[in-house]
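Asker: Have a look at this one before I ask anything.
Rule-based calculations on the coordinates, nothing more; no lab input. Model, not experiment: these values are computed from the prediction. Note that we place each Cβ from the backbone using ideal geometry, even for glycine, and neighbour counts take in every protein chain shown.
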Amino acid sequence: MRVFTDPKAFAAACREARTRGELGLVPTMGYLHEGHASLMDAARRHRTSALTIFVNPTQFAANEDLSRYPRDLAGDLRIAEQHGVDLVLAPDDPKVVYPDGFQTWVEPGALATDLEGALRPGHFRGVATVVLKLLNLAHASHAYFGQKDYQQLAVVRRLVRDLDVPVEIVGCPIVREPDGLAMSSRNVYLTPDQRQRALGISRGVQAARRAVADGVRDARQIEQAALGLIGPLADAVDYVTVRDADSLEPIDVVTPGRAVLLVVARFGKTRLLDNAVLGAA
Ligand code: AMP
């Protein structure tokens, strides 16, 4: 495994690797867990797999947890090595990614305005910009993203389509703790009490899936089934909403496989995301 801090040196290694075959890229913010590992394992089917570890400042709003975002580069590199990663980019300073004078941004459209986009202004502009930069640096033929960040995956798919980026985006299923909590680097913030209460989220998502399996099609009724389990345990609920699985627009009636339940709830200061496509096999 070769580790780079300099994006240009990483790009040169990736370009060289691409002369030998496909390259699968896994962009992350580090503090790696089994969710990230599942993406690295998937990317291994290509001739070369590449991982980026970069806590991207431009996707955090001023009031967010950028400075206290968890980091453990040594641990991350151990995990990457165990999962057969060939090339790693881990910039040690945001300035190597955003040099002085940086002024060009990717502005996503309607998919990015609601939900996380509404609650975290500028978030998807930061995500889209860094993802395009990383795709360009890595010369990736394939890039792997988790369905855990459902709206992000939708925004990235759209970006690639709209800007003719020659890469295949691959979405990977949510990896969960044995008790159901979706894995997240931010779970480390949770106190034992919050960690216990956070189970309300995955239970709420399960309840929504069950409702659809039982034949319920009314979106409000499905949201209430989830909220009934999440609301009493969370410190705050940002949203529990049933949307069209592709456009993310609000819907009233669920067509199985074509709708998604999106949840964000807070435990203390920690925001946790979860979701499920409803009626999917
Ligand atoms: P992050 O480091 O949180 O920015 O995540 C990097 C990538 O890993 C994103 O594509 C996430 O969607 C994905 N990811 C994070 N958590 C999980 C999870 N529990 N299961 C699957 N993918 C995940």
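Asker: Could you check segment 230-271 and list, in sequence order, the residues that are polar (S, T, N, Q), surrounded by 14 or more Cβ atoms within 10 Å (Cβ to Cβ) and out of contact with any helix residue (DSSP H, G or I) (no Cβ under 6 Å at 6 or more places or on another chain)? First the steps, then the outcome.
Answerer: Kept after step one, since they are polar (S, T, N, Q), are these residues of segment 230-271: 241, 247, 255, 270.
From what's left, surrounded by 14 or more Cβ atoms within 10 Å (Cβ to Cβ): 241, 270.
241 - this is the single residue of segment 230-271 that is polar (S, T, N, Q), surrounded by 14 or more Cβ atoms within 10 Å (Cβ to Cβ) and out of contact with any helix residue (DSSP H, G or I) (no Cβ under 6 Å at 6 or more places or on another chain).
Asker: Further question on the same structure: Looking at residue 221 and the list (1) over 21 Å from residue 174 (Cβ atoms); (2) in contact (Cβ under 8 Å) with a residue 40 or more places away in the chain, which single condition is not satisfied?
Answerer: Among (1) over 21 Å from residue 174 (Cβ atoms); (2) in contact (Cβ under 8 Å) with a residue 40 or more places away in the chain, the lone unmet condition for residue 221 is (2).
Asker: Taking only segment 141-199 into account, find how many residues are among the β-branched types (Val, Ile, Thr), within 13 Å of the ligand (Cβ to nearest atom) and either touching a residue at least 60 places away in the same chain (Cβ under 8 Å) or touching an Asp or Glu at 6+ places or on another chain (Cβ under 7 Å) (or both).
Answerer: Looking only at segment 141-199, we keep the residues that are among the β-branched types (Val, Ile, Thr), and these are 155-156, 160, 165, 167, 169-170, 174-175, 188, 191.
Then drop every residue that is not within 13 Å of the ligand (Cβ to nearest atom), which leaves 155-156, 169-170, 174-175, 188.
Next cut, either touching a residue at least 60 places away in the same chain (Cβ under 8 Å) or touching an Asp or Glu at 6+ places or on another chain (Cβ under 7 Å) (or both) only: 170, 174-175, 188.
Adding up the residues that qualify gives 4.
Asker: Kindly evaluate residue 4 against the criterion of being under 28 Å from residue 189 (Cβ atoms) and either in contact with a Leu (Cβ under 6 Å, 6 or more places away or on another chain) or more than 16 Å from the ligand (Cβ to nearest atom) (or both).
Answerer: no
Asker: Report whether or not residue 127 is in a helix (DSSP H, G or I), surrounded by fewer than 18 Cβ atoms within 10 Å (Cβ to Cβ), in contact with a Pro (Cβ under 9 Å, 6 or more places away or on another chain) and in contact (Cβ under 8 Å) with a residue 40 or more places away in the chain.
Answerer: Judged against the criteria, residue 127 is not a match.
Asker: OK, next. Suppose the filter is closer than 18 Å to residue 153 by Cα and free of Cβ contacts under 8 Å to residues at least 60 places away in the same chain; does residue 26 pass it?
Answerer: It is false that residue 26 is closer than 18 Å to residue 153 by Cα and free of Cβ contacts under 8 Å to residues at least 60 places away in the same chain.
Asker: Next question, about the same structure. Kindly indicate whether any position in segment 123-136 is out of contact with any helix residue (DSSP H, G or I) (no Cβ under 8 Å at 6 or more places or on another chain) and within 14 Å of the ligand (Cβ to nearest atom).
Answerer: Looking for residues that are out of contact with any helix residue (DSSP H, G or I) (no Cβ under 8 Å at 6 or more places or on another chain) and within 14 Å of the ligand (Cβ to nearest atom), one finds at least one in segment 123-136, hence yes.
Table: residues versus (1) more than 16 Å from residue 7 (Cα to Cα); (2) surrounded by 12 or more Cβ atoms within 10 Å (Cβ to Cβ); (3) touching a strand residue (DSSP E or B) at 6+ places or on another chain (Cβ under 8 Å).
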| site | (1), (2), (3) |
| --- | --- |
| 41 | yes, yes, no |
| 45 | yes, no, yes |
| 51 | no, yes, yes |
| 73 | yes, yes, yes |
| 89 | no, yes, yes |
| 92 | no, no, no |
| 96 | no, yes, no |
| 99 | no, no, no |
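Asker: Could you list all residues from segment 130-154 that are in contact with a Gly (Cβ under 8 Å, 6 or more places away or on another chain) and part of a helix (DSSP H, G or I)? Reasoning before the result, please.
Answerer: Quick first cut of segment 130-154, residues in contact with a Gly (Cβ under 8 Å, 6 or more places away or on another chain) only: 140-148, 151, 153.
Those that are in contact with a Gly (Cβ under 8 Å, 6 or more places away or on another chain) and part of a helix (DSSP H, G or I): 151, 153.
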